[in-house]
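Here it is: the structure, laid out below.
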Amino acid sequence: MEHKRPAKVPIRADAELDELDLKILALLLTDGRLSFREMAREFHTSTSTVSSRVARLEKAGIIEGYTARVNFEALGYDLTAVTEIVVSKGKLAQTEAEIAKLPGVCAVYDVTGEKDGIIVAKFRKRAELSGFAKGLLSMPHVEHADTHVVLATVKEDFHVPLWLASTD
């Protein structure tokens, strides 16, 4: 199945991304350390064009920052846990905000379905994971928590193909 990239991708009512914007974002997702000069050379455009496009994307809140991709297993974080939680009515946002501050927590999702939230966390030792799981259950508004230990990571990449984001 072939996906065609639209000429313009709406990002908000007052702004759109064109093909150059998408190319810049795709390249920055691959290597956030590239200079404007290197990107301009890649896209056969001027350095000032790339610079102004990146500045516009930053100002629009599309580019929120720049970071390194880290191999957490190489740092000893061999355990990944996915925890589903049920929280007392009316206390979900407060509880998720508290959980988001806990060490090792990578993601907190507010979800639909029988569970209220999903947490993804990484740990170096089983004792850390055990303490985390027991700590969740001791939180005042957490009624239930199911923790799943990841046995193998088949894919862990949050880079979304930008051209698939359009609803056209």
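None of the figures in this text is laboratory data; all of them are computed from the coordinates on show. Keep in mind the model is a prediction, meaning the values are calculated, not measured. Backbone-built Cβ (ideal geometry, glycine too); neighbour counts: all protein chains shown.
Select, from VAL108, VAL142, the only residue that is buried (at least 17 other Cβ atoms within 10 Å of the Cβ), farther than 30 Å from ASP18 by Cα and either basic (Lys, Arg) or free of Cβ contacts under 8 Å to residues at least 24 places away in the same chain (or both).
On the way: VAL142 fails: either basic (Lys, Arg) or free of Cβ contacts under 8 Å to residues at least 24 places away in the same chain (or both).
Answer to the check: VAL108.
Determine which member of the set ILE85, ILE119, ILE62 is β-branched (Val, Ile, Thr), touching a helix residue (DSSP H, G or I) at 6+ places or on another chain (Cβ under 9 Å) and closer than 30 Å to GLU19 by Cα.
Details: ILE85 fails: closer than 30 Å to GLU19 by Cα; ILE119 fails: closer than 30 Å to GLU19 by Cα.
Criteria check complete, one pass: ILE62.
Checking ARG53 against (1) among the basic types (Lys, Arg); (2) over 30 Å from LYS23 (Cβ atoms); (3) surrounded by 17 or more Cβ atoms within 10 Å (Cβ to Cβ); (4) without any contact (Cβ under 8 Å) to a residue 40 or more places away in the chain: exactly one of these is not met. Which one?
For ARG53, the failing item is (2).
When only residues in the stretch 115-135 that are out of contact with any Cys (no Cβ under 9 Å at 6 or more places or on another chain) and assigned to a strand (DSSP E or B) count, which is nearest to VAL150 (Cα to Cα)?
PHE123
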